[in-house]
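Beneath this line is the structure, given in structure tokens, with notes to follow.
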Amino acid sequence: RGTGTCVGGFIALCERRGYGFELGIAAGAAPSGPVENDAYEFMVAAIMDLAPPRGCTDAGPAWRHGHEDLR
């Protein structure tokens, strides 16, 4: 909250609208920097653990900038 970051903005928006908020993972890296495959798989798993089942009407924001050089 109050961090001036994208995650902080998601929290503020959810609170203003009365939505629940669950953060699966927040991570950062150097722009266009390499990402180890194990790290990528860990992050995807953390996100998917919170993903609603198919057919559910829940929604969630995702912010991603740049691309990964997977290694």
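The values are calculated or read from the model by the stated rules, or taken from the named source; none is laboratory data. Predicted, not measured: the structure shown is a model, and the values here were computed from it. Quick reminder, even Gly has a Cβ in these numbers, built from the backbone with ideal geometry, and neighbours come from all protein chains shown.
See the values below:
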quantity	calculated
Odd one out for Glu41 among (1) part of a loop (DSSP other than H, G, I, E, B); (2) surrounded by 10 or more Cβ atoms within 10 Å (Cβ to Cβ); (3) at pLDDT 85 or above	(1)
Check on Cys14, modelled with pLDDT of 75 or more and more than 12 Å from the chain's Cα centre (by Cα)	yes
Pairs with Cβ under 6 Å, 6+ apart, first in region 1-16 and exposed (fewer than 13 other Cβ atoms within 10 Å of the Cβ), second among the hydrophobic types (A, V, I, L, M, F, W, C)	Arg1/Ile11
Evaluation of Gly24 against (1) within 11 Å of the chain's Cα centre (by Cα); (2) modelled with pLDDT of 85 or more (one fails), failing number	(2)
